[in-house]
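K.L.:
This is the structure, below, for whatever I ask next.
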Amino acid sequence: MNNIEYKQAVEQLNIYAHHYYVLDDPITTDEIYDKLYHEVLAYEELNPSNILSNSPTQRVGDAVSDGFTKASHLSRMWSLEDIFDSDGLRAWLKKTYKLDSNISFYCEPKFDGASLNLIYENGKLIQGITRGDGEVGELITQNVKTIKSIPLAINYKQLIEIRGEVVIFKDEFEKINKSRLKNSEAVFANPRNAAAGSLRQLDSSITASRNLVFLPYGVGKNTLEHKLLSDKMEYIYELGFRKPPNSSICQGYDDIEKIYETMKNERDSYSMLLDGMVIKVNEISSQIDMGHTVKVPRFSVAYKFPAVEKITTVKEIVLQVGRTGAVTPVAIVEPTDIDGVVVERATLHNFDEIDRKDIRLGDRVIILRSGDVIPKIIKVLTHERSGSEVEYKRPTLCPVCNSELLQENILVKCQNLMCEARVINSIIYFASKPCLNIDGLGNKIVEALFNSGLVKSVIDLFDLTLEKLLKLEGFKEKKSQNLLDSLESAKGCDYWRFINSLGIEHVGEVASKTLSENFGFGFIDMSKEQIVECDGIGEEMAESVLEFVRVNRETIVELQNILQPKEPIKKDEAQDNPFKGKTIVLTGSMSESRGVIKEMLENLGAKVSSSVSKKTDFLIYGEDAGSKYDKAISLGIGCITEQEMRELI
Ligand code: IVH
């Protein structure tokens, strides 16, 4: 980089930063920003006399925007130096050991959210302040008080600042976006933006509705006397803060690399988004001796994970027709490697979303792929348009059967029940895991069976014979027999699976279980009033059930005769037992798969839920129980082992 390039880079970084921090509207990815930032930093190290005063390296933190009252932190909120690979780690360890060789390290996930400082005085939460520029942030105490994992009072009377990250769990994020889509509101790009945006609402009731979670990672001003950071943090958790998952104490390069690799490989299985691992010197006295540079502490570093956001180009928009007839647009993008996976398609949710984001063919866009989240376009880089981009026109005809499409609220739907795509997708759904779980009936096979004419509905599946299958291309004896065997083993399934497999609109696994538990085989004869009385079933769902039964009663009966599902034990008929009517969470590894144990408990009339909350009655834990166990303990929920559960049954 020469001096002219340096000046341009500084200007570019400032534009990026303004969009990110002030306008809340990022125009590039963290990866590109970080890369340029490090190039600028490298130039400045070689040419200290040329450093521009407006270089982002000369700034301590984010800009503070208007809107909220400003408040000062009692002690500065630092940011962290980033490293990206083993070389970076070696270099950081080398300079750190030079300062003090007699140290150990505390590693924990780096949570991707918004940082927050909490000030407690006389045991009371008196202020909640955003990070801002590290010295001064925005006073958002009212909003902070709506976050349930933040204690309003603690059993510690001295003045103390507790710092942490406010995050939104991935499932909660999907829920928020789903409901925003339904209400024709713009979706949040990622959980981090959703967390930061929710925290800075002028109306605290909005903050309250977002289920934010506070994960403490350190303290600011304090008079605690622990010698080790790990002990200090344990003390903070005991004060009533949520313990973040997976912190560990370790010794040096090999340990750190191992923990980093595991965390990186398992990042998708965390409830919240992680963007790296933070390494901190564990000895407080060494931390104090090491001190800070102008910008970052010398005793800590962020070891970043590979980026999950990349910039690519939209080549085409194709259409998918689902089993309900809903037509969804999918963007085909220039293949891009994101964290080891080549992404070629990105979901666009619906047509309104294309309009709202003004996505055009040929546009440069930011896509996000994060584990279980389907890749999606989170931003169009309109400033990169050349003028040759082409606007997208909504379809009026079904791309599969050519019948006219109908706009139903925000959905565009094919109305033709016989539309090939609808039929094929219903069969695929029928065979899928949360339905009848029929092995060997994936997309390709269903398409082949449909195209051969042998299977035009799910009922036809059960008329297949070895003879018929062997006539099809690619169906040898073994494959055909396996398919017939799995179809056979679907018989005698749980009744809720049967209901779920029907594909009634708005009725998923949970509602199917509710219908099954409450009405058993009688569900097809229930009135709307009876159905809406069930916990968790609303008007829309009830109407959908009635309409489905009205149109398909004969098929349901015929299918039930073929499948002979097990008559469920109805809720009110389950024999008295300690788990009946209770809400239970399972965690850790057990002697059988958790799915099997879940089913056993459900048959006893229990509700098995996936996350611990105040509503949880019991936590049943197996080996290596982790954060759910910690949370249950902190909420005072009864915890029993798998063995104890079995004894109680
Ligand atoms: S420690 C003195 N630990 O990352 C060090 N920060 O890039 C202060 N963050 O501003 C930070 N998880 O908002 C620390 N386990 C963790 C973290 C964490 C997320 C955020 C925090 C900080 C930023 C620095």
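K.L.:
Search region 291-303 for residues that are assigned to a strand (DSSP E or B) and pair each with any residue that is β-branched (Val, Ile, Thr) and away from the ligand (no atom under 11 Å from the Cβ) when their beta-carbon atoms are under 6 Å apart and the residues are at least 6 apart or on different chains.
P.N.:
From residues that are assigned to a strand (DSSP E or B), the pairs are Val301/Ile83; Tyr303/Ile83.
K.L.:
Here's a follow-up. Hey, Ser386 hits all of (1) within 29 Å of Thr313 (Cα to Cα); (2) buried (at least 17 other Cβ atoms within 10 Å of the Cβ); (3) of a type in the set (S, T, N, Q) but one; which does it fall short on?
P.N.:
So the condition that Ser386 fails would be (2).
K.L.:
With the requirement that a residue be open to solvent by 30 Å² or more (accessible area, probe 1.4 Å), away from the ligand (no atom under 16 Å from the Cβ), in a loop (DSSP other than H, G, I, E, B) and in contact (Cβ under 8 Å) with a residue 12 or more places away in the chain, what does region 149-185 give you?
P.N.:
Hits for region 149-185 are Leu152, Asn155, Lys157, Gln158, Leu159, Ser184.
K.L.:
Let me ask something else about it. Could you grab me the full set of residues in region 455-472 that are open to solvent by less than 50 Å² (accessible area, probe 1.4 Å) and either under 22 Å from Ser501 (Cβ atoms) or among the acidic types (Asp, Glu) (or both)?
P.N.:
Selection gives Val455, Ser457, Val458, Ile459, Asp460, Leu461, Phe462, Leu464, Leu469.
For (1) farther than 30 Å from Ile147 by Cα; (2) surrounded by fewer than 16 Cβ atoms within 10 Å (Cβ to Cβ); (3) among the hydrophobic types (A, V, I, L, M, F, W, C), each residue gets a yes or a no:
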{"site": "Met590", "(1), (2), (3)": "yes, no, yes"}
{"site": "Leu619", "(1), (2), (3)": "no, no, yes"}
{"site": "Ser627", "(1), (2), (3)": "no, no, no"}
{"site": "Ile633", "(1), (2), (3)": "no, yes, yes"}
{"site": "Ile637", "(1), (2), (3)": "no, no, yes"}
{"site": "Gln643", "(1), (2), (3)": "yes, yes, no"}
{"site": "Ile649", "(1), (2), (3)": "yes, yes, yes"}
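K.L.:
Considering only residues that are in contact (Cβ under 8 Å) with a residue 60 or more places away in the chain and surrounded by fewer than 23 Cβ atoms within 10 Å (Cβ to Cβ), look in region 481-496 and name the one that is nearest to Leu449 (Cα to Cα).
P.N.:
Lys491
K.L.:
Step by step: first the residues of region 265-287, then only those that are part of a helix (DSSP H, G or I) and away from the ligand (no atom under 15 Å from the Cβ), then the one that is surrounded by the fewest Cβ atoms within 10 Å (Cβ to Cβ). Which residue is that?
P.N.:
Ser269
K.L.:
Sticking with this structure for a sec: Looking for something part of a strand (DSSP E or B), within 16 Å of the ligand (Cβ to nearest atom) and open to solvent by less than 40 Å² (accessible area, probe 1.4 Å) - is there at least one such residue anywhere in region 46-69?
P.N.:
Looking through region 46-69, none of the residues is part of a strand (DSSP E or B), within 16 Å of the ligand (Cβ to nearest atom) and open to solvent by less than 40 Å² (accessible area, probe 1.4 Å).
K.L.:
Look at region 559-582 and say how many of its residues are exposed (fewer than 14 other Cβ atoms within 10 Å of the Cβ) and in a helix (DSSP H, G or I).
P.N.:
Within region 559-582, residues that are exposed (fewer than 14 other Cβ atoms within 10 Å of the Cβ) and in a helix (DSSP H, G or I) number 3.
K.L.:
Something else now. With the condition kept exactly as written, say whether any residue in region 81-102 is more than 14 Å from the ligand (Cβ to nearest atom) and closer than 17 Å to Pro216 by Cβ.
P.N.:
no
K.L.:
Grab the strands (runs of 3 or more DSSP E) fully contained in region 354-441, keeping just those with 3 or more residues being in contact with a Pro (Cβ under 7 Å, 6 or more places away or on another chain) and modelled with pLDDT of 95 or more.
P.N.:
Per the criteria, no element qualifies.
K.L.:
Which of the numbered conditions does Lys175 fail, given that it passes all the others? Conditions: (1) among the charged types (D, E, K, R); (2) in contact with a strand residue (DSSP E or B) (Cβ under 9 Å, 6 or more places away or on another chain); (3) within 24 Å of Leu274 (Cα to Cα).
P.N.:
Exception for Lys175: condition (2).
Residue by residue, here is whether (1) more than 20 Å from Val278 (Cα to Cα); (2) open to solvent by 20 Å² or more (accessible area, probe 1.4 Å); (3) acidic (Asp, Glu) holds:
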site	(1), (2), (3)
Asp289	no, yes, yes
His292	no, yes, no
Lys295	no, yes, no
Val308	no, yes, no
Val314	yes, no, no
Gln320	yes, yes, no
Ala331	yes, no, no
Arg364	yes, yes, no
Arg369	yes, yes, no
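Okay, residues lined up against (1) assigned to a helix (DSSP H, G or I); (2) more than 30 Å from Leu212 (Cβ to Cβ):
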| site | (1), (2) |
| --- | --- |
| Gly595 | yes, yes |
| Val608 | no, no |
| Leu619 | no, no |
| Lys631 | yes, no |
| Ser634 | yes, no |
| Ile640 | no, yes |
| Arg646 | yes, yes |
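K.L.:
Right, here's the next one. Residues that are touching a Leu at 6+ places or on another chain (Cβ under 9 Å): find the helices (runs of 4 or more DSSP H) completely inside region 459-537 holding 3 or more of those.
P.N.:
Those helices (runs of 4 or more DSSP H) span 466-470, 477-489, 495-501.
K.L.:
While we're looking at this one, here's another question. What number of residues within region 220-260 satisfy the criterion of being within 13 Å of the ligand (Cβ to nearest atom) and of a type in the set (Gly, Ala, Ser)?
P.N.:
Number of matching residues: 4.
The values are calculated or read from the model by the stated rules, or taken from the named source; none is laboratory data. Predicted, not measured: the structure shown is a model, and the values here were computed from it. Counting neighbours? That spans all protein chains shown, and the Cβs are built from the backbone with ideal geometry, glycine included. For accessibility, only protein heavy atoms count, side chains too; no ligands or nucleic acids. Shrake-Rupley method; radii C 1.70, N 1.55, O 1.52, S 1.80 Å.
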